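Undergrad: Quick one: the structure is below, questions incoming.
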Amino acid sequence: MRAFQSPTLAAPAHDHHEARRGFVAALPVMLGFVPFALVLGAQAAQKGLSPIEVPLMTGLNFGGGSEFAAIRLWTSPPHIGLIVAIAFLVNSRHLLMGATLARFIRHLPLRKALPALFFMCDESWAMGLADARQRASTSPSFSLRYYLGLSAGLYLTWITFTTIGAIVGPMIGNIDAYGFDMAFPAVFLVLLRGMWKSARAARPWLVSLIMAAATHVWIPGAWYVAAGAASGLLAAYVWADQP
């Protein structure tokens, strides 16, 4: 005889399993976060931000690219308008990422959907969508608990190690000399590998790469981010109906 299991007990157990599964899946990326979180924290400290101000910045914004851009532009007193404009431009890709994620979370109430979008970063977005594709036969295919489990790990790692970087950075000098900044592109290459389907399906990536590189060479500022995102989206739309 099959033992009776109360639905009220089974649901929390399943939720905990999914959150733990997401956290465990995020562990390699969390390790990849550590070096460039230390770099960002150290650079912020060198610009005069305190170990309290750094986690406030990284926790409220939670967008590594825009935070690096803001720190590079930081002066005393800071040019707030310029920093806000560049941060918005660098983070503009999140508009497209959010649009992609919207169809998976549209059934959720705002009290759940808004926190999910707040914790969305490149890594959590990519891993959440990759998991949803693997669970295509499951309803719903997008596991919110899995997504929140991996997002929590990434968020806490980012805040913790940017703070540590702000504390120890001034003691060890130029942290870039250790090559830690290479962790940033390395993490993205791993994420791309996980999202790879075929060379044909990756054509929009190539278009995005070429447009971003050309814009970076010819146009100053962070416009290459918007150019790469927009051109990749347009290419994906054009080739959407092709086999």
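The values are calculated or read from the model by the stated rules, or taken from the named source; none is laboratory data. Here the structure is a predicted model, which means the values were calculated and not measured. Every residue, glycine as well, gets a Cβ built from its backbone with ideal geometry; the counts of neighbours run over all protein chains shown. Protein only, heavy atoms only, side chains kept; ligands, DNA and RNA dropped before computing areas. Shrake-Rupley method; radii C 1.70, N 1.55, O 1.52, S 1.80 Å.
Undergrad: If a residue must be open to solvent by 50 Å² or more (accessible area, probe 1.4 Å), assigned to a loop (DSSP other than H, G, I, E, B), within 28 Å of GLU67 (Cβ to Cβ) and at pLDDT below 85, how many such residues does the stretch 89-143 contain?
TA: Here the count works out to 0.
Undergrad: Taking helices (runs of 4 or more DSSP H) that fall entirely within the stretch 1-83, which contain at least 2 residues that are modelled with pLDDT under 90 and over 15 Å from the mean Cα position of the chain (by Cα)? Steps first, please.
TA: Working: elements: 7-46, 53-61, 64-73.
The qualifying helices (runs of 4 or more DSSP H) are 7-46, 64-73.
Undergrad: What residue, among those in the stretch 33-52 that are touching a residue at least 60 places away in the same chain (Cβ under 8 Å) and of a type outside the set (A, V, I, L, M, F, W, C), is surrounded by the most Cβ atoms within 10 Å (Cβ to Cβ)? Let's see the steps before the verdict.
TA: If we filter the stretch 33-52 for residues that are touching a residue at least 60 places away in the same chain (Cβ under 8 Å), which is where we start, we get 33-46, 49-51.
Now drop any that are not of a type outside the set (A, V, I, L, M, F, W, C), which leaves 35, 41, 43, 46, 50-51.
On the way: PRO35: 21, GLY41: 31, GLN43: 24, GLN46: 16, SER50: 12, PRO51: 17.
Restricting to residues being touching a residue at least 60 places away in the same chain (Cβ under 8 Å) and of a type outside the set (A, V, I, L, M, F, W, C), the top hit is GLY41.
Undergrad: Would you be able to tell me the number of residues in the stretch 110-153 that are of a type in the set (Asp, Glu) and closer than 21 Å to VAL90 by Cα? Write out each step before concluding.
TA: Within the stretch 110-153, the subset of a type in the set (Asp, Glu) is 122-123, 131.
Next cut, closer than 21 Å to VAL90 by Cα only: 122-123.
Of the residues in the stretch 110-153, 2 are of a type in the set (Asp, Glu) and closer than 21 Å to VAL90 by Cα.
Undergrad: Filter the stretch 149-171 for residues that are farther than 8 Å from ALA26 by Cβ, in contact with a helix residue (DSSP H, G or I) (Cβ under 6 Å, 6 or more places away or on another chain) and of a type in the set (A, V, I, L, M) and give the result.
TA: Across the stretch 149-171, the qualifying residues are ILE159, ALA166.
Undergrad: So, one more: Taking the stretch 55-67, which residues are under 11 Å from GLY41 (Cβ atoms) and not aliphatic (A, V, I, L, M)?
TA: Those that are under 11 Å from GLY41 (Cβ atoms) and not aliphatic (A, V, I, L, M): PRO55, THR58, GLU67.
Undergrad: Name the residues in the stretch 23-53 that are closer than 17 Å to GLY153 by Cβ and among the basic types (Lys, Arg), would you?
TA: Selection gives nothing.
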